[in-house]
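Values in this text are rule-based calculations from the coordinates and carry no lab data. Note that the structure is predicted; figures quoted are calculated from it, not measured. With ideal geometry, Cβ positions are generated from the backbone for all residues, glycine too; neighbour counts draw on all protein chains shown.
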Amino acid sequence: MAKWTSFPFAGDYNFNAESVKGTWARLHAGDLEPLPQDPQLLQAWAHFHNGDFYKSMRLGLDMGLVGLNVANKAACVYATYLEQQEATRLALFVEVAERAGTQIKQQPDNVNAYYWRAYALGRYSQGISVAKALAQGLGTRVKTDLEHVIQQQPTHPDAHIALGTFHAEVIDKVGELIGAMAYGAHKTTGLTLFQQALKFNMESAIGMIEYAHAMLMLDGDAVVHEATRLYQLAARAKPIDAMERLDVEMAKAELED
């Protein structure tokens, strides 16, 4: 495997298994991942929260089934924010989707297995183009998985964000009429999902960023002021770990563009 790009703020976060355990509810306000008791699994999560995504993924994979959620989250966050080569990014998302699919067969009640499969397929779809992904049936798979997550965990903030993004991107590509008829995508549903996500997790920088993206896709110039306000709020957020730091830095970059 090619060498992974380093987290650019290495050393800013210094979690260990014990501090991860003590801060778990805040660290996982977005994905509602259950608190593990296994010290090795907590260490894999510590690597993740410190920004050592490769080490987190490897340790998670070495643990087998119980480590797949941390391994898949580490791979997805790394591929989304840090990987420079598009082919490598896409390959990582495919690997996550495949691993999560196998995981679901063995752990059908593992809610975040469905979430990470949907997330990986969603990011992969963005990479190959949403239009091409819809033609391949990936949109329906993403929507089905995310709706399952929300059915099982109605206050799962990140699933609301991802499903809101699905509705917005489908409408952006095919329009409201075809989006509704062919893919069950609706503007009001998408925007409501973002509002709910931010109600469940008010400090979510990524929720603000993706909500702003969706607003601009759906309403364009009419909502530039509100979208900018959301980017500003996200840029001022106080990140607790490496992933949130990457979200905040992305918001700052959006404001500079």
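Tabulated data
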{"item": "Lys pairs, the chain - Cα-Cα below 20 angstrom, 8 or more residues apart or on other chains", "result": "17"}
{"item": "Label of the coordinate-derived value, Rg and Dmax of the Cα atoms in Å, listed as [x] 17.4, 51; [y] 18.3, 64; [z] 19.4, 64", "result": "[x]"}
{"item": "Prolate/oblate/rounded label for segment 30-146 (Cα gyration tensor, a/c 1.5)", "result": "oblate"}
{"item": "Efficiency of FRET from Cβ geometry, LYS3 and LYS199, R₀ 51 Å, rounded to 0.05", "result": "0.80"}
{"item": "For ILE128, ILE206, order by how many other beta-carbon atoms lie within 10 Å, fewest first", "result": "ILE128, ILE206"}
{"item": "Which of ILE178, ILE206, THR140, positive extreme of dipole for the chain (C-beta unit charges)", "result": "THR140"}
{"item": "The chain, dipole about Cα centre (Lys/Arg Cβ +1, Asp/Glu Cβ -1), debye to the nearest 20", "result": "380 debye"}
{"item": "For segment 1-116, size of Cβ-based charge dipole, Lys and Arg +1, Asp and Glu -1, in debye", "result": "60 debye"}
{"item": "Dipole in debye (nearest 20) - segment 65-187, about Cα centre, beta carbon charges: Lys, Arg +1; Asp, Glu -1", "result": "120 debye"}
